[in-house]
1. When only residues in segment 66-95 that are of a type in the set (Gly, Ala, Ser) and under 22 Å from Ala120 (Cβ atoms) count, which is surrounded by the most Cβ atoms within 10 Å (Cβ to Cβ)?
2. Name every residue in segment 96-120 that is crowded, with 19+ Cβ neighbours inside 10 Å, touching a residue at least 60 places away in the same chain (Cβ under 8 Å) and touching a strand residue (DSSP E or B) at 6+ places or on another chain (Cβ under 7 Å), in order of residue number.
3. Keeping to segment 144-175, report how many residues are among the hydrophobic types (A, V, I, L, M, F, W, C), over 18 Å from Met100 (Cα atoms) and modelled with pLDDT under 90.
4. Met15 is checked against (1) in a loop (DSSP other than H, G, I, E, B); (2) closer than 24 Å to Trp86 by Cα; (3) of a type outside the set (D, E, K, R) and fails just one. What number does that condition carry?
5. Pick from segment 121-143 the residues that are over 18 Å from the mean Cα position of the chain (by Cα) and among the β-branched types (Val, Ile, Thr): which of them is nearest to Ile102 (Cα to Cα)?
6. Quick one: how many residues across segment 155-169 are surrounded by 12 or more Cβ atoms within 10 Å (Cβ to Cβ), outside any loop (DSSP other than H, G, I, E, B) and in contact with a strand residue (DSSP E or B) (Cβ under 9 Å, 6 or more places away or on another chain)?
7. Quick one: Asn129 ticks every box in (1) touching a residue at least 24 places away in the same chain (Cβ under 8 Å); (2) surrounded by fewer than 17 Cβ atoms within 10 Å (Cβ to Cβ); (3) farther than 29 Å from Thr38 by Cβ except a single one, so which number is it?
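The values are calculated or read from the model by the stated rules, or taken from the named source; none is laboratory data. On a predicted model such as this, the values are computed, not experimentally measured, just so you know. Glycine gets a Cβ as well: all are built from the backbone with ideal geometry, and neighbour counts include every protein chain shown.
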Amino acid sequence: MVEAIKEDSSKPSAMAVPKGGYFGIPQQGRYGPIFPKTPAVYGFSIIAKIIPGREASFYEYAKNIEAAVATTPDVLAVLKLHYLRWNLFDIKGDTYFQYMGIFDTDFDKYTEDAVGIFAATGLNTVFENLEGFPKDWKTNAPAFIQFVRDHHRPCFLEYAEYPWVSAEEVKKALRLKAAFSNMLDQMQ
């Protein structure tokens, strides 16, 4: 049971998530129920059908994100991401997009911040290539969020080797390790 799980990052943790993705009565956020915090922190997965003939745009967009991060490593920092994973796959001759993300903020803040990044950088989202994605998403965050909620597929298990730890805590630990290693090297 979720109430019994203590947020202990000293050992791996797994959590079975009930069908539907919520434990008990969901807490309400600005745009609907808040997805629960799990050992892997926060996240969501969506699966949506892409507009036929647009598969190449997903690979092009991935290269754009790669270049943006190479040029400005903190371009996505506001999202407090642990990781993103994007997949394309076929079902009965149609191509679908799967988005999986794990991050440190709640769903509402994450999606608002994502819309903000697109507005600030002038980038469009690859989601524009998905069937039913709102054309006014840049000025209508609730429509963007509703699309994501409508296409969200809750997980039923989350596992974390380093549970309940934020991305910033991981980066801080890595900086500390590097500083300690450097200090030891200088002592030799």
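1. Applying the filter and picking the extreme gives Ala68.
2. Ile102, Phe103, Asp104, Phe107, Tyr110
3. Total satisfying the criteria: 3.
4. Against the list (1) in a loop (DSSP other than H, G, I, E, B); (2) closer than 24 Å to Trp86 by Cα; (3) of a type outside the set (D, E, K, R), Met15 comes up short only on (1).
5. Residue satisfying both the conditions and the ranking: Thr121.
6. 4
7. Here Asn129 meets the rest and fails (2).
Conditions tested, residue by residue: (1) more than 19 Å from the chain's Cα centre (by Cα); (2) farther than 24 Å from Thr111 by Cα.
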residue	(1), (2)
Tyr31	no, no
Ser45	no, no
Pro52	yes, yes
Glu55	yes, no
Glu60	yes, no
Asn64	no, no
